[in-house]
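The values are calculated or read from the model by the stated rules, or taken from the named source; none is laboratory data. Computed from a predicted structure; not experimentally measured. Neighbour counts are summed over all protein chains in view; Cβ atoms, including those assigned to glycine, are modelled from backbone coordinates with ideal geometry. Note: accessible area is taken over every heavy atom of the protein model, side chains too, but ligands, DNA and RNA are not part of it. Shrake-Rupley method; radii C 1.70, N 1.55, O 1.52, S 1.80 Å.
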Amino acid sequence: MTTITADVAVAPRRSFQEVWVISLGHALTHWYPATFYLLLPLIGKELGLSYSEIGSVLTCQYFAGAIANIPGGIFVDTVGRKGLLMAASLFWIGFPYLIMGFSHAYWMILCCAALVGIGNNLWHPSAIPWLANRFPQRKGLVMSIHGMGGNVGDAVAPLVVGALLGFMSWRNVVVVNVVPGVLLAAVALFYLGRRQNGEDAASADAAPKISAAERLRMFGALLKNRALITLAAGSAFRTMTQGALLTFLPLYLAREMGYPPLWIGACMFALQAGGFVAAPIAGHLSDRVGRRQIILSSMAMSAVVIFLMLFAGGTGWLVMFVSVLGFFLFAVRAVLQAWLLDATPPAMGGSAIGLLFASQAFGQAVGPVSAGVVADHYGLMGAFYFLAATIVIANFLVFVTPAGLMKRD
């Protein structure tokens, strides 16, 4: 059994209020992409897009995020104004979806998707190291609560948008949808900005003075760590599975099973609700028994459930398997982040998270378009065979990740 160790000083007990505020912000960063998954079949139908073109919209978003994540993480470590950057990220993610509501061209949809991908890279390098530095001995738990915020956004958004689509066009929905992001951006700017300007936040969050050459040297050390690289690669394949699933499950339910938007939203809610339940359990257990055991067991069960889904296509059992899949597939996100930060010097937390999310964004970029190509040639069920293969590869990469992690500086 691997024991997670970290040479951290005993931190004063802090209120979880800021955890809830940041987790609510995280919910909004997932709210917009989750609504877009439900809107994408309608957009594709209106614009006459093929499966490959539908997949390429999300590929463009995640590819842009992959390119921007690493420089974005270094930028966050350098600037250090995490409260301001989180507020900027919330606004930046929501506004391009508003522009999509007035677009009638495929290329404009692609441009807006790219802007979302770039803006989203500011949130995680800002929020995750903030929480890890302020709650070092409860890292897995606070990462899981932050992850639960994402699950809330992912789960509630399809239900709300599915209901709105019953009496509104998709273009009107994206206009209404921008309001919560703007409001929460203002809340984050006020609340987190005030915390960061206080003495308590300054002692926990302010980055030490590090020269540009030293920061690049430290980043180079991250790239040489085998555990970090295999962990990032395994995460890329896991998110390849996730991205393709979120793209093609609504298409399958709409076109093959004939579900209306509200029922599709309910199925997507079931997928995310499973992850919501699993996140705090996985996070707490990872603090107790180790990150590796939790990730391996969850990914292995994800592979088993996806294989069962292959035999349940076209039946009501598929919906049940979807909710079970969410329990295992989304449980490991926070644990992966905590594992990565266990291996990272505090001053490089944003850069490490940027590296992790860059690899995940590449996986999400490749996943939808690859599954789309498979679906164009072999039908929509072929995309689910693709999902099964990618999660098996993710399992293997995590399995070969070295148990020993580099020491924190």
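Answer yes if at least one residue in region 226-248 is at pLDDT below 80 and out of contact with any helix residue (DSSP H, G or I) (no Cβ under 8 Å at 6 or more places or on another chain), and no otherwise. Within region 226-248 (the criterion being at pLDDT below 80 and out of contact with any helix residue (DSSP H, G or I) (no Cβ under 8 Å at 6 or more places or on another chain)), the answer is yes, since at least one residue qualifies.
Just so you know, in region 71-81 the residues that are surrounded by fewer than 23 Cβ atoms within 10 Å (Cβ to Cβ) and assigned to a helix (DSSP H, G or I) include one that is modelled with the lowest pLDDT, and it is V79. With respect to the conditions (1) of a type in the set (S, T, N, Q); (2) over 22 Å from T247 (Cα atoms); (3) buried (at least 22 other Cβ atoms within 10 Å of the Cβ), Q137 falls short on a single one, namely (3).
Would you confirm, using the coordinates I've provided, whether L84 is open to solvent by 10 Å² or more (accessible area, probe 1.4 Å) and farther than 29 Å from Y252 by Cβ? When the stated conditions are applied, L84 passes them. Is it the case that some residue within region 41-49 is at pLDDT 80 or above, more than 18 Å from M108 (Cβ to Cβ) and either assigned to a helix (DSSP H, G or I) or of a type in the set (A, V, I, L, M, F, W, C) (or both)? Taking every residue of region 41-49 in turn, at least one turns out to be at pLDDT 80 or above, more than 18 Å from M108 (Cβ to Cβ) and either assigned to a helix (DSSP H, G or I) or of a type in the set (A, V, I, L, M, F, W, C) (or both). For G117, the conditions (1) in a helix (DSSP H, G or I); (2) modelled with pLDDT of 80 or more are fulfilled apart from (2). Screening V160 with (1) modelled with pLDDT under 80; (2) open to solvent by 40 Å² or more (accessible area, probe 1.4 Å) gives one miss only, at (1).
Applying a threshold of 6 Å to beta carbon distances and a minimum spacing of six or more residues, or different chains, the list of pairs starting in region 364-392 at a residue that is touching a residue at least 24 places away in the same chain (Cβ under 8 Å) and ending at one that is among the acidic types (D, E) and surrounded by fewer than 24 Cβ atoms within 10 Å (Cβ to Cβ) reads L380/E256. Against the definition (in contact with an Asp or Glu (Cβ under 6 Å, 6 or more places away or on another chain) and either among the hydrophobic types (A, V, I, L, M, F, W, C) or crowded, with 24+ Cβ neighbours inside 10 Å (or both)), how does G350 come out, yes or no? The answer is yes for G350.
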